[in-house]
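The structure appears right after this line, and notes come after that.
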Amino acid sequence: MTQSSMPDAVRRRSSGFDLKLWGPFLALAGLIVLGTLVNPVFLSPGNIFNVLTRTAFIGIIAVGATFVITSGGIDLSVGSLAAFASGVTIVTMNALVPAMGPGWHVVALGMLVAVGLGLAAGLVNGVLVTKGRIEAFIVTLGTMGIFRSLVTYLADGGTLSLDSSMRSVYRPVYYGSLFGIPYPILLFAVVALIGALIMYRTRFGRYCAAIGSNEEVARYSAIDVDRVKLLAFMLQGLCVALAVVIYVPRLGSASATTGLLWELEAIAAVIIGGTMLKGGYGRVWGTVVGAVMLTLIDNILNLTGAISVYLNGAIQGAIIIVAVLLQRGTASKR
Amino acid sequence: MKLKLSLATALVAGVLMAPAAWAQDKIKMGVSIPAATHGWAGGLNWHAQQAEKRLEQKYPNLDVILVTARDVGRQANDLEDLVSVRQIDALVILPFESAPMTDPVRAVKDAGKFVTVVDRGLTDPSIQDLYVAGNNPEMGKVSAQYIKQKLNGKGDIVVLRGIPTVVDNQRVEAFQEEIKGSQIKVLGMEYANWNRDDGFKVMQDFLSRFPKIDAVWAQDDDIALGVIEAVKQAGREKEMFILGGAGMKDIIKRVMDKDTLVPADVLYPPAMIAEAMEITARHLVEKAPIEKQYIIEATLVTPENAAKYYYPDSPF
């Protein structure tokens, strides 16, 4: 059971081609073909970079969500937390500018605040789930509401905007690039890589799968279940914080609508990627593909005038279901 | 007279008895508005709270009860609570949606309350005692006229719509009606949900899809802010201009500073709720005569008149 998270073990079980493993990649390839057919602009580097940069927020959050879901939990608070952390980061930086002057040191402090807040929120969620013995769904439903109201309160129901002198300093973090690749994409890649290493190459990753698969058995196997679950939530909080760090420089603002429904998008990305919603089996690279697919669907719909805009939601829903059906349908036949 | 009476009651009743005694003598005005789910609604909430403070100070015997709802269903529940539990004398409501809220508001009216409807008209206008509204079709029309004039009647534009609602439909229909017959071509139209992030995303895709765009009708200032960033990122600021709507302070400031990317804005002020509350309160307390309708015009804001509409303290 512990080994079910290892790619080679999975491959051994099914002979030859494993749809569960490769399904998401096939679906992605299908979408890319569809996109190209819809509008040749789709494959232009500009559009590809747009799509990937946009994916970075949900993608980074979804990598964290992969761990929480694999360990049998769920975190509904990520979207609200992203909004709240963005708000606090902006307020902090605005407060520091008069004393310290606009500059990178203020940005660094703002980022630190975001990371601290993310970890703290993860800790709160994790402690309530493990020590408080409340279902993760309820705990994070609660904190989702709390964070959302806190940002609305901070913003007086309006919008928090970053000081304009700070904006120009911070802006390159979203709009800048290294060797032609925008920073958000680089950060996304690094987070995914580290996430994959943790999931597939460390004890912690295997423990997550073990707990999600059967918590009692994991406990009898001398796994410190509470500690692993707590760490998974904190990892999720950290991922949200990293997303915030690149979200804030994009529009330099946070409001009650920031990060709305991000939790559902993150969960959808994880599931499209092949991770089981009930836990026990996690795929980080699948999650990355899932997140990219979600943005691609939006992008393709925006690039065509052929489909009524009223039907966008229906197309999105249908593609998500088909993508998951692709992997599950064949999996059950075996 | 009522004012004197309640003051006297409070003095006599003393601290312990005061709350109950107060509550009975006060005139109660319920205010039901949508929660701050997007920038404009945020401004609406701010102005409503300001008006609540102002009015309760001005009329000590007036109690303003402000409730916010996240959807139509919750707003209908709120109305029931306002009537049965809070026992209001008058209702000021900005309905989430026109048609579904018509019957719940009718129930309030049938209970003998004074009803003020703001912004979105009910399908049966005979219910309301007072109607205070911005003018959505007018807003679409003024926007179209400005774009037409600025482009000399010819050009390619893209349109970013709001949240699929009556408000959005009215604006877009009037806009399309007005550009009919001109050589203005709408290249694409997508929903951006009155939201900066969506405005940014949709505009990025419009920019990849269309090599030449002369103007953007963003319809809303939150969307416009997202659009501005997307256009800047693509380095195409020189090619087009953006027309938002509502009167957000950041956008008004840009207009004031003669930003060529944002040469104008069309007003649709969230402050209308404060106006509705004030007129209703004046009528309730002072029995001031009222007109049945106050329509706030969709004014075009240009660098010449922008200073008049700039509220630096508002969150919106």
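The values are calculated or read from the model by the stated rules, or taken from the named source; none is laboratory data. Just so it is clear, the structure is predicted and the values come from calculations on it, not from any experiment. Counting neighbours? That spans all protein chains shown, and the Cβs are built from the backbone with ideal geometry, glycine included. Calculation scope for accessible area: heavy atoms of the full protein, side chains included, ligands and nucleic acids excluded. Shrake-Rupley method; radii C 1.70, N 1.55, O 1.52, S 1.80 Å.
Just to be sure before I move on: is A:Leu260 within 12 Å of another protein chain (Cβ to nearest Cβ), out of contact with any Cys (no Cβ under 8 Å at 6 or more places or on another chain) and either crowded, with 24+ Cβ neighbours inside 10 Å or under 27 Å from A:Ala114 (Cα atoms) (or both) in the structure I sent?
For A:Leu260, the condition - within 12 Å of another protein chain (Cβ to nearest Cβ), out of contact with any Cys (no Cβ under 8 Å at 6 or more places or on another chain) and either crowded, with 24+ Cβ neighbours inside 10 Å or under 27 Å from A:Ala114 (Cα atoms) (or both) - is met.
If we scan region B:234-241, do we find a residue that is under 24 Å from the mean Cα position of the chain (by Cα), assigned by TED's automatic domain parsing to the domain that holds B:Ile163 and among the aliphatic types (A, V, I, L, M)?
no
Mind checking whether some residue in region B:271-285 is farther than 18 Å from B:Leu91 by Cβ and either at pLDDT 90 or above or open to solvent by less than 70 Å² (accessible area, probe 1.4 Å) (or both)?
The answer is yes; a qualifying residue exists.
Just to be sure, is B:Leu160 of a type outside the set (Gly, Ala, Ser), within 20 Å of B:Tyr268 (Cβ to Cβ), open to solvent by less than 40 Å² (accessible area, probe 1.4 Å) and touching a Lys or Arg at 6+ places or on another chain (Cβ under 7 Å)?
Against the criterion (of a type outside the set (Gly, Ala, Ser), within 20 Å of B:Tyr268 (Cβ to Cβ), open to solvent by less than 40 Å² (accessible area, probe 1.4 Å) and touching a Lys or Arg at 6+ places or on another chain (Cβ under 7 Å)), B:Leu160 does not qualify.
Quick check on A:Asn299: is it among the polar types (S, T, N, Q), open to solvent by less than 10 Å² (accessible area, probe 1.4 Å) and either within 14 Å of another protein chain (Cβ to nearest Cβ) or within 18 Å of A:Arg54 (Cβ to Cβ) (or both)?
It is true that A:Asn299 is among the polar types (S, T, N, Q), open to solvent by less than 10 Å² (accessible area, probe 1.4 Å) and either within 14 Å of another protein chain (Cβ to nearest Cβ) or within 18 Å of A:Arg54 (Cβ to Cβ) (or both).
Return the residue satisfying two criteria in turn: it lies in region B:260-270 and is surrounded by 19 or more Cβ atoms within 10 Å (Cβ to Cβ) and not aliphatic (A, V, I, L, M), and of such residues it is farthest from B:Asn45 (Cα to Cα).
Across region B:260-270, the extreme among qualifying residues is B:Asp265.
Could you tell me whether any residue of region B:39-61 is at pLDDT below 90, open to solvent by 30 Å² or more (accessible area, probe 1.4 Å), farther than 27 Å from B:Ile251 by Cα and not in a helix (DSSP H, G or I)?
Scanning region B:39-61, I find at least one residue that is at pLDDT below 90, open to solvent by 30 Å² or more (accessible area, probe 1.4 Å), farther than 27 Å from B:Ile251 by Cα and not in a helix (DSSP H, G or I), so the answer is yes.
If you go through region A:272-288 one residue at a time, how many are open to solvent by 10 Å² or more (accessible area, probe 1.4 Å) and in a helix (DSSP H, G or I)?
Qualifying residue count for the region: 2.
Which one is farthest from B:Asn45 (Cα to Cα) among residues in region A:149-164 that are more than 9 Å from chain B (Cβ to nearest Cβ) and open to solvent by less than 40 Å² (accessible area, probe 1.4 Å)?
Ranking the qualifying residues of region A:149-164, first place goes to A:Leu162.
Yes/no matrix, rows are residues, columns are (1) assigned to a strand (DSSP E or B); (2) within 22 Å of B:Gly42 (Cβ to Cβ); (3) within 19 Å of the chain's Cα centre (by Cα):
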residue	(1), (2), (3)
B:Gln87	no, no, no
B:Val92	yes, yes, yes
B:Val108	no, no, no
B:Arg120	no, yes, yes
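Report, by residue number, each residue of region B:233-244 that is within 13 Å of chain A (Cβ to nearest Cβ) and either touching a residue at least 24 places away in the same chain (Cβ under 8 Å) or under 26 Å from B:Lys141 (Cβ atoms) (or both).
B:Gln233, B:Ala234, B:Arg236
Looking at this structure, is A:Gly259 under 17 Å from A:Leu21 (Cα atoms) and small (Gly, Ala, Ser)?
Considered against the rule, which asks whether it is under 17 Å from A:Leu21 (Cα atoms) and small (Gly, Ala, Ser), A:Gly259 comes out as no.
If you scan region B:199-227, which residues turn out to be among the β-branched types (Val, Ile, Thr) and facing another protein chain (nearest Cβ under 9 Å)?
Hit for region B:199-227 is B:Val202, nothing else.
Residue-wise test of (1) charged (D, E, K, R); (2) in a helix (DSSP H, G or I).
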residue	(1), (2)
B:Thr123	no, no
B:Ile157	no, no
B:Glu177	yes, yes
B:Gly188	no, no
B:Lys201	yes, yes
B:Leu207	no, yes
B:Ile213	no, no
B:Val216	no, no
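Need pairs with beta-carbon distance below 7 Å; first residue open to solvent by less than 20 Å² (accessible area, probe 1.4 Å) and modelled with pLDDT of 90 or more and within region B:188-200, second basic (Lys, Arg) and in a strand (DSSP E or B); sequence gap 6+ or separate chains.
Going by the 7 Å Cβ cut-off, the qualifying pairs are B:Glu190/B:Arg161; B:Ala192/B:Arg161.
I'd like to know if region B:163-179 contains one or more residues that are open to solvent by 20 Å² or more (accessible area, probe 1.4 Å) and facing another protein chain (nearest Cβ under 10 Å).
yes
Tally up the residues in region A:157-190 that are touching a Phe, Trp or Tyr at 6+ places or on another chain (Cβ under 6 Å) and acidic (Asp, Glu), please.
Total meeting the criteria: 0.
Could you check region B:35-46 and list, in sequence order, the residues that are under 10 Å from the mean Cα position of the chain (by Cα) and more than 7 Å from chain A (Cβ to nearest Cβ)?
Selection gives B:Trp40, B:Ala41, B:Leu44.
In region B:247-259, what residues are surrounded by 24 or more Cβ atoms within 10 Å (Cβ to Cβ) and at pLDDT below 90?
B:Gly247, B:Met248
Output the residues belonging to region A:186-243 that are surrounded by 15 or more Cβ atoms within 10 Å (Cβ to Cβ), touching a helix residue (DSSP H, G or I) at 6+ places or on another chain (Cβ under 7 Å) and farther than 29 Å from A:Val292 by Cβ.
Answer for region A:186-243, where residues must be surrounded by 15 or more Cβ atoms within 10 Å (Cβ to Cβ), touching a helix residue (DSSP H, G or I) at 6+ places or on another chain (Cβ under 7 Å) and farther than 29 Å from A:Val292 by Cβ: A:Glu215, A:Ala218, A:Ile223, A:Val225, A:Asp226, A:Leu230.
Among the residues of region B:225-246, which ones are assigned to a helix (DSSP H, G or I), small (Gly, Ala, Ser) and open to solvent by less than 10 Å² (accessible area, probe 1.4 Å)?
Correct list: B:Gly226, B:Ala230.
So, in region B:286-316, exactly how many residues are more than 14 Å from chain A (Cβ to nearest Cβ), part of a loop (DSSP other than H, G, I, E, B) and either surrounded by fewer than 12 Cβ atoms within 10 Å (Cβ to Cβ) or among the charged types (D, E, K, R) (or both)?
The total comes to 7.
Quickly run through region B:10-34 and pick out the residues that are modelled with pLDDT of 50 or more and either over 15 Å from B:Leu62 (Cα atoms) or within 11 Å of another protein chain (Cβ to nearest Cβ) (or both).
Residues satisfying the conditions are B:Ser32, B:Ile33, B:Pro34.
Filtering region A:40-75 down to residues that are touching a helix residue (DSSP H, G or I) at 6+ places or on another chain (Cβ under 6 Å), open to solvent by 20 Å² or more (accessible area, probe 1.4 Å) and part of a loop (DSSP other than H, G, I, E, B), which residue is nearest to the other protein chains (Cβ to nearest Cβ)?
Selected residue: A:Ile74.
The rows are residues; the columns are (1) out of contact with any helix residue (DSSP H, G or I) (no Cβ under 8 Å at 6 or more places or on another chain); (2) assigned to a helix (DSSP H, G or I); (3) modelled with pLDDT under 95.
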site	(1), (2), (3)
A:Val129	no, yes, no
A:Ile138	yes, yes, no
A:Ile146	no, yes, no
A:Ser149	yes, yes, yes
A:Leu160	no, no, yes
A:Ser165	no, yes, yes
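Out of region A:111-154, which residues are out of contact with any Lys or Arg (no Cβ under 8 Å at 6 or more places or on another chain) and within 13 Å of A:Leu235 (Cα to Cα)?
A:Val115, A:Gly116, A:Leu117, A:Gly118, A:Leu119, A:Ala120, A:Ala121, A:Gly122, A:Leu123, A:Val124, A:Asn125
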